[in-house]
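Data first, discussion second: the structure below is written as structure tokens.
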Amino acid sequence: MNQLELQNVSFSYNEKKSILKNINLSFQEGKIYAITGKSGAGKTTLLSLLSLLQKPVSGDIYYCDKNLKEMDPYKYRSTQIGVIFQSYNLLPLLNAVENVMLSMDIASLKDVDKKKHAIELLEKVGLNEEDIYRPIRKLSGGQQQRVAIARAMSYSPSLILADEPTGNLDSDTEKDILSIFQKFAHEDNKCIIIVTHSPSVTKVADYVYRL
């Protein structure tokens with residue numbers, strides 16, 4: 001069964017300019033997908049559709065055989081998918097653990113030691129004990145991206161959407177982040193969709209879709 005499937009999806013902001021036209025794509029669990037294309041091709045728009053921030057003008061998108069039109073957008077975004085932004089979108093006055101725990105609160109995660117789970121995730125993405133209690137504003141870009149990944153994974157979504165997640169990182173840090181994505185996809189069976197301009201990302205992806 002496909003994790004996500006797009007059937008004849010089109011999107012435009014006005015009648016004169018079509019951003020996406022009759023897109024048919026499928027995504028499966030345990031795989032990394034890279035979405036590439038020129039600026040303005042609709043890559044970020046596609047992520048907005050997949051995360052229910054926008055709705056297609058025509059066509060249908062299915063998540064585990066359920067039409068997104070019939071799903072509650074807030075519940076879908078807070079429990080079924082994790083989103084990773086290029087700008088991280090972390091709360092700067094909180095530390096790494098608090099940022100991850102807040103995400104679990106929003107997802108109404110129960111019957112779990114949230115602090116313990118947050119620490120385990122942060123360690124899994126490569127942060128040490130000192131860093132996980134450091135305020136976000138005092139962490140490097142690479143460290144903040146690791147926190148963003150841990151936050152996205154905190155409620156165990158089956159699908160991860162990432163918008164240029166390595167765009168602001170140096171090559172060594174990019175390799176580390178991509179290694180984390182590979183482990184989540186191939187070992188934890190997550191479906192990871194990455195919008196990117198980076199050749200390094202396309203090299204590690206199982207599939208590359210060009211818009």
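The values are calculated or read from the model by the stated rules, or taken from the named source; none is laboratory data. As the structure is a prediction and not an experimental result, all values here were calculated from the model. Cβ coordinates were reconstructed from backbone atoms using ideal geometry, including for glycine residues, and neighbour counts include every protein chain displayed.
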If we keep just the residues of region 28-84 that are of a type in the set (Lys, Arg) and over 26 Å from Lys110 (Cβ atoms), which is surrounded by the most Cβ atoms within 10 Å (Cβ to Cβ)? Lys43
Please find, among Lys69, Lys55, the residue that is charged (D, E, K, R), in contact with a Phe, Trp or Tyr (Cβ under 9 Å, 6 or more places away or on another chain), modelled with pLDDT under 95 and under 30 Å from Lys21 (Cβ atoms). Lys55
How about region 21-42: which of its residues are outside any loop (DSSP other than H, G, I, E, B) and either in contact (Cβ under 8 Å) with a residue 60 or more places away in the chain or not charged (D, E, K, R) (or both)? Asn22, Ile23, Asn24, Leu25, Ser26, Phe27, Ile32, Tyr33, Ala34, Ile35, Thr36
Of these, Ile119, Ile149, which one is part of a helix (DSSP H, G or I), among the β-branched types (Val, Ile, Thr), at pLDDT 90 or above and surrounded by fewer than 21 Cβ atoms within 10 Å (Cβ to Cβ)? Ile119
Any residue at all in region 157-173 that is polar (S, T, N, Q), modelled with pLDDT of 90 or more and not in a helix (DSSP H, G or I)? yes
Residues satisfying the stated conditions in region 17-60, i.e. of a type in the set (D, E, K, R) and either under 25 Å from Tyr74 (Cβ atoms) or touching a Lys or Arg at 6+ places or on another chain (Cβ under 7 Å) (or both): Glu29, Lys43, Lys55, Asp60
Odd one out for Leu4, checked against (1) more than 13 Å from the chain's Cα centre (by Cα); (2) surrounded by fewer than 16 Cβ atoms within 10 Å (Cβ to Cβ): (2)
Confirm whether Ile194 is surrounded by 21 or more Cβ atoms within 10 Å (Cβ to Cβ), at pLDDT 95 or above and within 13 Å of the chain's Cα centre (by Cα). yes
Can you tell me which residue within region 13-27, out of those that are more than 22 Å from Ser198 (Cα to Cα) and in contact with a Leu (Cβ under 8 Å, 6 or more places away or on another chain), is surrounded by the most Cβ atoms within 10 Å (Cβ to Cβ)? Ile23
So the check is Cβ under 8 Å with 6+ separation or different chains; which pairs have a first residue in region 62-87 that's more than 11 Å from Ser51 (Cα to Cα) and touching a residue at least 40 places away in the same chain (Cβ under 8 Å) and a second one that's part of a strand (DSSP E or B) and among the aromatic types (Phe, Trp, Tyr)? none
